[in-house]
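Got a structure for you, written out below as structure tokens; questions coming shortly.
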Amino acid sequence: ASGQMAKLLRAGISAAEPVEEKSKVIVFGDTFSPSAYASLLHSLEGKSFTLLAISEAEESLQLRGAYSVLKQQLISSCGKEQAAERIFAIAGKESKFLTAEAAAEDYPLLSYPEIPAAYGAGTSALLLALAIKGVNLELYLSGFYDMLASPSWDLDGVDYAVGRAAYRKACGKDSGAGEELLLVWQ
């Protein structure tokens, strides 16, 4: 990932504590530094890894470069067939490069919603990275939802609270069990 998406991922990964450390998550793609590439490739030597490419918009040259180098490293270390099983992409509507790569190579591709990366804390981009790290996603999403639904947290919270109440009334639901989550996440 690069740009705001890389910042979101670094912040989320460093802030969330895993229940059990499953895997190390390294965010890379925001540099052309030969020493950064050398360090990353050295740290991956002899290790099994998965490449998760994430872009909410058209990919930067740095992201394209990092993806290409890491894809080649995977192919060199485990062969083209096994590498294809270890490459995943999350791409927004404006993504050109990752979408084309996923289609050409038959890699799994998840859609990123049309929102800026700065607001992506509840999207598959961060959630997948947190799951890989071993974070309890049920606990994370519960806290994230509570934060969004609290009018005291932010002025936008009032809009969510009013929207939930209107939705419950329109649907004839008193408890709102589950329905309000759908409203917020949509």
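Just to be sure, is Lys93 over 24 Å from Leu127 (Cβ atoms) and either open to solvent by 60 Å² or more (accessible area, probe 1.4 Å) or under 14 Å from the mean Cα position of the chain (by Cα) (or both)? Before the answer, list the steps.
Values: over 24 Å from Leu127 (Cβ atoms): no; either open to solvent by 60 Å² or more (accessible area, probe 1.4 Å) or under 14 Å from the mean Cα position of the chain (by Cα) (or both): yes.
Answer is no for this residue.
Could you pull out the residue among Tyr140, Tyr37, Tyr119 that is of a type outside the set (S, T, N, Q) and either without any contact (Cβ under 8 Å) to a residue 12 or more places away in the chain or touching a Gly at 6+ places or on another chain (Cβ under 7 Å) (or both)?
On the way: Tyr140 fails: either without any contact (Cβ under 8 Å) to a residue 12 or more places away in the chain or touching a Gly at 6+ places or on another chain (Cβ under 7 Å) (or both); Tyr37 fails: either without any contact (Cβ under 8 Å) to a residue 12 or more places away in the chain or touching a Gly at 6+ places or on another chain (Cβ under 7 Å) (or both).
Among Tyr140, Tyr37, Tyr119, only Tyr119 is of a type outside the set (S, T, N, Q) and either without any contact (Cβ under 8 Å) to a residue 12 or more places away in the chain or touching a Gly at 6+ places or on another chain (Cβ under 7 Å) (or both).
Quick one: in the stretch 32-76, of everything that is in contact with a Leu (Cβ under 8 Å, 6 or more places away or on another chain) and of a type in the set (S, T, N, Q), which residue is surrounded by the most Cβ atoms within 10 Å (Cβ to Cβ)?
Across the stretch 32-76, the extreme among qualifying residues is Ser55.
Related question: Taking the condition of being of a type in the set (A, V, I, L, M) and open to solvent by less than 30 Å² (accessible area, probe 1.4 Å), how many residues in the stretch 128-144 meet it? So that I can check it myself, show each step before the final result.
Taking the stretch 128-144 as the starting set, the residues that turn out to be of a type in the set (A, V, I, L, M) are 128-132, 135, 137, 139, 141.
After this cut, where a residue has to be open to solvent by less than 30 Å² (accessible area, probe 1.4 Å) as well, the list is 129-130, 135.
Summing the residues that are of a type in the set (A, V, I, L, M) and open to solvent by less than 30 Å² (accessible area, probe 1.4 Å) in the stretch 128-144 gives 3.
Looking at the stretch 106-124 only, could you name the residues that are under 17 Å from Tyr145 (Cα atoms) and surrounded by 17 or more Cβ atoms within 10 Å (Cβ to Cβ)?
Scanning the stretch 106-124 gives Gly120, Ala121, Gly122, Thr123.
Collect the residues in the stretch 1-31 that are assigned to a loop (DSSP other than H, G, I, E, B) and crowded, with 16+ Cβ neighbours inside 10 Å, keeping them in residue-number order. Show your work before the answer.
Looking only at the stretch 1-31, we keep the residues that are assigned to a loop (DSSP other than H, G, I, E, B), and these are 1-2, 16-31.
Those that are assigned to a loop (DSSP other than H, G, I, E, B) and crowded, with 16+ Cβ neighbours inside 10 Å: Ala1, Ser2, Ala16, Pro18, Val25, Val27, Phe28, Gly29, Asp30.
Related question: In the stretch 119-153, which residue that is of a type in the set (A, V, I, L, M, F, W, C) and over 19 Å from Arg10 (Cα atoms) is modelled with the lowest pLDDT?
Here the answer is Trp153.
Any idea how many residues of the stretch 72-117 are touching an Asp or Glu at 6+ places or on another chain (Cβ under 8 Å) and either among the polar types (S, T, N, Q) or closer than 13 Å to Thr50 by Cα (or both)?
The number of residues fulfilling the criteria is 5.
For Ala103, which of the numbered conditions (1) aliphatic (A, V, I, L, M); (2) more than 23 Å from Ser23 (Cβ to Cβ); (3) open to solvent by less than 40 Å² (accessible area, probe 1.4 Å) fails to hold?
Result: Ala103 fails condition (3) only.
The values are calculated or read from the model by the stated rules, or taken from the named source; none is laboratory data. Small disclaimer: the values here were computed from a predicted structure and weren't measured. Backbone-built Cβ (ideal geometry, glycine too); neighbour counts: all protein chains shown. We work out accessible area using only protein heavy atoms, side chains counted, and drop any ligands, DNA or RNA first. Shrake-Rupley method; radii C 1.70, N 1.55, O 1.52, S 1.80 Å.
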